[in-house]
Amino acid sequence: NFNVSLKETGSKELRKLIRGFNAMNAHIQNLIRENYEMIIMKKEAELNAFNLQLNPHFISNSLNLINLELIKKGEYELSDMVAQLSEMMHYTLKSSDFLVPFEEDWRHTLNYVNVMQRRHNNQFEAYYNIDPKLYQCTVPKFFLQPLVENSVVHGFEGISYKGVIKISAFIEDNKRYFIIEDNGK
């Protein structure tokens, strides 16, 4: 029982010893409380991690079910869009690796472009010139998609003409070049 606190009485040495004992007891109580709080926080983190695993699994299964229903009804364009959204979700949740093969990031970027073209009623066209030698190079995860998103969301907002995005990736003089161009504002 560490809730004990002795009354300081007796000689000077005994009072000093009792004061040290009471301080030690208080410190032990704090350590027990902190340890208990850490255990609770760890359990909550494990539960949250488990929930994060369940939710994407549920969403993925739901997207696959929707995709199957769309295929049954002959809605192939919508089916492709749902499949692309599912791939994007898997890429996003895949791993926490900072670097990925360019091929994976490129596939994610293509899915994004296709979904956004559909969402914006094909108000923009996309052209690609990608050197396949770059596919095995590593790049930061979400390397191109945010730049393309910037073109779509900000460059094409409110324009009265058809937008165009050109994405090029090539090697020249042992350097890798990734270029995104658009005709937006």
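The values are calculated or read from the model by the stated rules, or taken from the named source; none is laboratory data. Since this is a predicted model, take the numbers as computed values, not measurements. Here the Cβ is made from the backbone with ideal geometry for all residues, glycine too, and neighbour counts use every protein chain on show. Surface accessibility is based on the protein's heavy atoms, side chains included, excluding ligands, DNA and RNA. Shrake-Rupley method; radii C 1.70, N 1.55, O 1.52, S 1.80 Å.
Only bridges with both residues in the chain count here: give the DSSP antiparallel percent, nearest 5.
60
Of I71, S11, F102, which is farthest towards the positive pole of the chain's charge dipole, taken about the Cα centre with +1 and -1 on the beta-carbons of Lys, Arg and Asp, Glu respectively?
Farthest towards the positive pole: S11.
Between Rg and the Kirkwood Rh of the range 126-184, both from Cα atoms, what is the Rg to Rh ratio?
1.03
Enter the mean projected area of the convex hull around the alpha-carbon atoms of the range 58-115, in nm², rounded to one decimal. Working shown, then result.
On the way: hull surface 16.4 nm².
Convex hull of Cα atoms, orientation-averaged projection: 4.1 nm².
How many angstrom lie between the C-alpha centres of the range 1-44 and the range 127-176?
62
Return the subset of K141/K175; K141/K185; K16/K43; K72/K141; K141/K166; K42/K141 for which the Cα-Cα distance in this structure is over 30 Å, preserving the input order.
Working: K141/K175 19 Å; K141/K185 27 Å; K16/K43 41 Å; K72/K141 35 Å; K141/K166 20 Å; K42/K141 28 Å.
The pairs that break the limit, which is 30 Å between Cα atoms, are K16/K43; K72/K141.
Keeping every protein chain present and rolling a 1.4 Å probe, give me the accessible area per residue for the chain in Å².
71
Figure the gain on full extension for N61 and F170 (residue separation times 0.36 nm, minus the Cα-Cα span) and round it to one decimal in nm. All intermediate terms of the calculation are to be shown ahead of the outcome.
Numbers: separation 109, 0.36 × 109 = 39.24 nm, distance 3.71 nm.
Computed gain between N61 and F170 is 35.5 nm.
What helices in the chain pass both tests, a Cα length along the helix axis of 18 Å or more and a mean Kyte hydropathy of 0.0 or higher, using whole DSSP H runs?
Working: long enough: 12-72 (90 Å, -0.20); 76-93 (25 Å, 0.06); 102-119 (25 Å, -1.32).
The qualifying helices are 76-93.
Considering only G74, G20, G163, give the residue with the highest GNM mean-square fluctuation for the chain, with springs between Cα atoms whenever their separation is below 10 Å.
In this elastic network of the chain, the residue with the biggest mean-square fluctuation among G74, G20, G163 is G20.
What is the ratio of the Cα radius of gyration of the chain to 2.2 N^0.38 Å, where N is its residue count, to two decimals?
Details: Rg = 29.4 Å, N = 185, 2.2 N^0.38 = 16.0 Å.
The value comes to 1.84.
Let me spell out the model: positive unit charges on the Cβ of Lys and Arg, negative unit charges on the Cβ of Asp and Glu, origin at the Cα centre of the range 5-52. What dipole size does that give, in debye rounded to 20? Walk me through the intermediate numbers first.
Numbers: 8 positive and 6 negative charges, 80 e Å.
In debye, rounded to 20, the range 5-52 gives about 380.
With springs only between Cα atoms under 10 Å apart, run a GNM on the chain and tell me which of M38, M89, M24 wobbles the most.
M24
Please build a GNM for the chain, connecting alpha carbons under 10 Å apart, and tell me which residue among H27, H120, H108 fluctuates the most.
H27
Taking amide H positions as placed 1.01 Å from N in the peptide plane, with prolines and chain starts having none, which residues 5 or more places from E125, or on another chain, fall under 5 Å of its amide H?
G163, V164, I165
For n ≥ 4 DSSP H runs only, could you compute -39500 (n - 2.57) per run for the chain, divide by its residues and tell me the 222 nm figure to the nearest 500?
On the way: 4 runs with 103 residues, N = 185.
Computed ellipticity for the chain at 222 nm equals -20000 deg cm²/dmol.
Taking 8 Å as the Cα distance limit and 6 or more residues as the minimum spacing, I'd like the relative contact order of the chain as a percentage.
Values: 183 pairs, mean separation 26.4, N = 185.
14 percent.
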